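Bear in mind that the values in this text are calculations on the coordinates, not laboratory data. Since this is a predicted model, take the numbers as computed values, not measurements. Ideal geometry is used to build each Cβ from the backbone, glycine not excepted, and the neighbour counts take in all protein chains shown.
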Amino acid sequence: MCSLIHALKHLPITGVGINQTKYGNATRFGKKADKKDFEETYEFELAVPPMLADKSQEAQTAFLKELLKGATQKYHVTRQGRPALGMQRVLQQKFLDAPAQSGRGNQAHAEGPPGVHRRVHRRSTAIIA
């Protein structure tokens, strides 16, 4: 969500990250080094898409808000009014579970969004002599 605010207000995004190259070189051959010594501040500016380049900032903001509104409506239609799973429920799942083994069962996965056909995969039961 942070990048949306930055896009709407035309602000740069600033973050701190580890320079992995310098850190990797410093810790070669088992040497110890503190990652904090290799933190660097990075700043990124979001580029204006070419299709919006000739529009005013207000028009760009209006277009992005309308695009977001359409995506949100599409999301609600796809979810058929059900709430999103949520981070807590996602973290409770076992990462090796197949959809049929998860807490929601196979029903929600098999239905999928309206208008989308699900391909069924079956295991081969061939016997090799």
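Worth pointing out:
- Cα gyration tensor shape of the range 22-81, rounded if a/c is under 1.5, else prolate or oblate by comparing a/b with b/c: oblate
- Shape of the range 1-42, Cα gyration tensor, a/c cut at 1.5: prolate
- Candidate lysines - alpha carbon under 20 Å from K32, same-chain residues fewer than 8 apart omitted: K22
- Under the simplified labelling scheme, the A33-L96 pair shows an inter-label distance of 3.6 nm, with each label point 7 Å from Cα along Cα→Cβ.
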